[in-house]
Amino acid sequence: MDMFTREILDELAVPVGGKPEPVLAKEIRLGFEQAVAGNKTRPILEFFARLTELSRERGIGPQDLGLTKDELEKLAAKHEEIDEHGVTLGGRLGQARPIVQTANDRVAEYIAKKDQEAPSGIQLWERVLENQARIMAALGMSKTDWPSYEGQLRHRIDDVATLAKCIELPAGAIAEVTRVTKNYRMRLTPYYASLIMPGEVNDPVLLQSVPTAEMVDNQGVELPPVASDHSPARLVDQFYPRVLTIKATNMCAMYCTHCLRIAHIGKHDQVYGKEAYSEALEYIRGNDLIRDVLITGGDAFALPNKHLAWLLAELDSIDHVKVKRLGTRIPVTAPMRVDEELLDILEASDERGPVRVVTQINTAQEITPTSATAFRKISRRVTAVMNQAVLLRGINDNRIKMWKLCETIQEAHVRPYYVFNCSYRNPQYAHMRVPLSVGQDIIESMYGNISGDAIPRYIATAGGKVPLHRSNVVKVENGMITLKKPWSGEEAVYPDADSKLYGHDEDFAFMRHAG
Ligand SMILES: *Cc1c(COP(=O)(O)O)cnc(C)c1O
Ligand code: SF4
């Protein structure tokens, strides 16, 4: 018998002298008999949990209930015999269950608030459908316009008068948006506009898509895009030896109010000629270090299917290009774009070498049954679907919103990949930025509390992507590492690899026998 079980039995062995009512004594005796007769651990655990509770809370001990020490010991031993891994009653009841309870307490606030504070578009679907009906009527869209990408683009909202027909805006806000859109592009698909919840002053979808006065009023000087000194060839941006991006278009179905590529997006949609792509492809063909090519924009899915198929086939014809990434927000802003033809193109390229679709979802609200279906379909045809969120004030800048985002997208077949700090290069976005300490707290708080593969990496874009995670290594001394657990702050001492062994390759494994 282990010491944890001994502790439980010793506690129960102290005579307490309570007076149980006969019906209670009967109930306990029945519980005992069932636990003895059965072949399950759970009735044994529950029986002992009940005994402990009665002794602590009502001063009724096993003796008072007519149970002998011997009976209890035999039953405790039975637990260990039944369990495949020989787990003892004390280990399970006295140790493991309280540990699970402590872990549960860490997520209690999240569980209580997540659906109120950060509802997903799936949870809001009834209201989204009401918005949809209102917007369709306001824009004169037909039932066939709505589910078609062309219909969505034809009815796109790109001026404030149209926007005001679709969503209720205070007069002051209309004047403000009018002023800002003289300088900055606004565009929403009717679908994306239907995700804006009426009555929410700073709705997170509204904040992402409708520019506010800060964009022109913020002080500061815009730094030229990093790309201007990192563009070794037409349409190409390159920071790294083996990865580069092709800015394949400047178009997006929706323009984000925090767009990192604002300079590239410009004021007008542009269609690039074949010679621009040919120069980018020639550069890649001539540089055999490049193995990973990101097709970005703008939005890669803004390219027509034919065009995308051609570009992927060109890349697949280059031997040293092993993997391709497509950067797109369209499954979030206009999921009807994801048609069978597009899926076939993605799959055909994935057959030739891994394709990863990299999207941007910033709130759980952006995951609706429609976008979740689009992501599920894409995930069936490509190697991975990953998310790069941007940490934005009022949108996803607390634990509850970010945890909910990460869990919701994971359930929608999308893997959290990066969380970016909002760009410092554009004063337009200064009001949307979130301090490092807040970002670190949000990301670190996920460790140990949600699935490891729902935890993104926290990144600053500073001429390349630089991790912003907190270090959990407190110190290293005499080969011992002191670690801090992100979820409890508790320290753990963890031995490093033995330096007397590592590095001495002359006696490593089969080397001892080498001639
Ligand atoms: C983001 C980006 C990459 C890709 O970075 P990963 O860390 O590999 O995701 C590569 N090149 C440029 C220019 C980029 O902006
Ligand atoms: S989808 Fe990307 S490129 Fe397009 S506006 Fe948003 S952040 Fe900018």
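Every read-out reported here was derived from the displayed coordinates using simple, explicitly stated rules and does not represent laboratory data. Predicted, not measured: the structure shown is a model, and the values here were computed from it. Ideal geometry is used to build each Cβ from the backbone, glycine not excepted, and the neighbour counts take in all protein chains shown.
So if I restrict to the alpha-carbon atoms in the chain, what is the Rg, and what is Dmax, the biggest pairwise distance, in Å?
For the chain, the Cα radius of gyration and maximum Cα-Cα distance read 30.1, 93 Å.
May I ask you to derive the FRET efficiency for residue 476 and residue 322 from their Cβ-Cβ distance with R0 = 45 Å, giving the value to the nearest 0.05?
Working: r = 37 Å, r/R0 = 0.81.
Rounded to the nearest 0.05, the efficiency is 0.80.
Quick one: helix 69-82 against the long Cα principal axis of the chain, what's the angle to the nearest 10°, folded into 0 to 90?
Value to nearest ten degrees: 40.
Using a basic spin-label model with each label point 7 Å from the Cα along Cα→Cβ, how many nm lie between residue 340 and residue 218?
About 4.5 nm separates the two model spin labels.
Quick one: helix 22-37 against the long Cα principal axis of the chain, what's the angle to the nearest 10°, folded into 0 to 90?
70
Between helix 97-117 and the chain, what is the angle of the helix's C-alpha long axis to the longest principal axis, kept within 0 to 90° and rounded to the nearest 10?
Orientation of helix 97-117: about 40 degrees from the principal axis.
Report the paramagnetic label zone for residue 4: residues of region 57-96 whose backbone N is under 13 Å from a point 7 Å from Cα along the Cα-to-Cβ axis.
80, 85-96
Give me the net charge for the shell around residue 121: Cβ to Cβ below 10 angstrom, other residues only, Lys and Arg +1, Asp and Glu -1.
Numbers: positive: 127; negative: 366.
Taking every other residue near residue 121 into account, the sum is 0.
Students often forget the sequence filter, so: which lysines lie under 19 Å Cα-Cα from residue 324 once same-chain residues fewer than 8 apart are removed?
Reachable lysines: 247, 306, 377, 465.
Enumerate the amide H contacts of residue 294 below 5 Å, restricted to partners 5 or more residues apart or on another chain; note that Pro and chain-start residues carry no placed amide H.
244, 245, 246, 325
Send over the semi-axes of region 3-113's equivalent ellipsoid, whole angstrom and largest first, taken as the square roots of 5 times the C-alpha gyration tensor eigenvalues. Don't jump to the answer; show the numbers that get you there.
Details: eigenvalues 125, 69, 36 Å².
Here the semi-axes work out to 25, 19, 13 Å.
Which three semi-axes in whole Å describe the equivalent ellipsoid of region 471-515, each the square root of 5 times a Cα gyration tensor eigenvalue, listed largest first? Numbers along the way, then the final one.
On the way: eigenvalues 229, 18, 9 Å².
Here the semi-axes work out to 34, 10, 7 Å.
Report the Cα centroid-to-centroid distance between region 109-162 and region 354-400 in angstrom, as an integer.
So the two Cα centres are separated by 17 Å.
Would you calculate a helix-derived [θ] at 222 nm for the chain, using -39,500 (n - 2.57) for each DSSP H run of n ≥ 4 and dividing by the full residue count, to the nearest 500?
-12000 deg cm²/dmol
Considering only the other residues whose Cβ falls under 15 Å of the Cβ of residue 473, what net charge follows from Lys and Arg at +1 and Asp and Glu at -1? Present the calculation step by step, with values, prior to reporting the outcome.
Values: positive: 470, 475, 484, 485; negative: 444, 477, 490, 491, 496.
Local charge sum for residue 473: -1.
I want the local charge near residue 512. Using Cβ-Cβ distances under 12 Å, sum +1 for each Lys or Arg and -1 for each Asp or Glu among the other residues. Write down the numbers at each step before the final one.
Values: positive: none; negative: 505, 506, 507.
Cβ neighbours under 12 Å give a net charge of -3.
Checking the cross-link filter: which lysines have an alpha carbon closer than 16 Å to that of residue 69, excluding same-chain neighbours under 8 positions apart?
78
Counting DSSP beta bridges in the chain, what percent are antiparallel, to the nearest 5?
Working: 16 of 42 bridges.
Once the DSSP bridges in the chain are tallied, antiparallel ones form about 40 percent.
In Å³ and rounded to a whole number, note down the convex hull volume per residue for the Cα atoms of region 321-471.
Values: hull volume 18.8 nm³, N = 151.
With only Cα atoms used, region 321-471 gives 124 Å³ per residue.
Report the equivalent ellipsoid semi-axes for region 64-197 in whole Å, largest first, defined as the square roots of five times the eigenvalues of the gyration tensor built from alpha carbon atoms.
Values: eigenvalues 783, 62, 35 Å².
After scaling each eigenvalue by five and taking roots: 63, 18, 13 Å.
Under 16 Å from the Cα of residue 404, which lysines turn up, not counting those fewer than eight places away in the same chain?
113, 114
Tell me, what is the FRET efficiency for residue 103 and residue 185 to the nearest 0.05, using R0 = 41 angstrom and their Cβ-Cβ distance as r?
Numbers: r = 47 Å, r/R0 = 1.14.
Efficiency computed from Cβ-Cβ geometry: 0.30.
If R₀ is 45 angstrom, what is the calculated FRET efficiency for the pair residue 509 and residue 56, using the beta carbon separation as r and rounding to 0.05? Walk me through the numbers on the way to the answer.
Numbers: r = 56 Å, r/R0 = 1.24.
Computed FRET efficiency for residue 509 and residue 56 comes out at 0.20.
Can you compute the charge dipole magnitude of region 125-217 about its Cα centre, using +1 on each Lys and Arg Cβ and -1 on each Asp and Glu Cβ, nothing else charged? Give it in debye, rounded to the nearest 20.
Details: 10 positive and 12 negative charges, 66 e Å.
Computed charge dipole of region 125-217: roughly 320 debye.
With the radius of gyration and the Kirkwood radius both derived from the Cα set of region 125-217, what is their ratio Rg to Rh?
Working: Rg = 12.9 Å, Rh = 13.5 Å.
Reported Rg/Rh (Cα atoms, Kirkwood Rh): 0.96.
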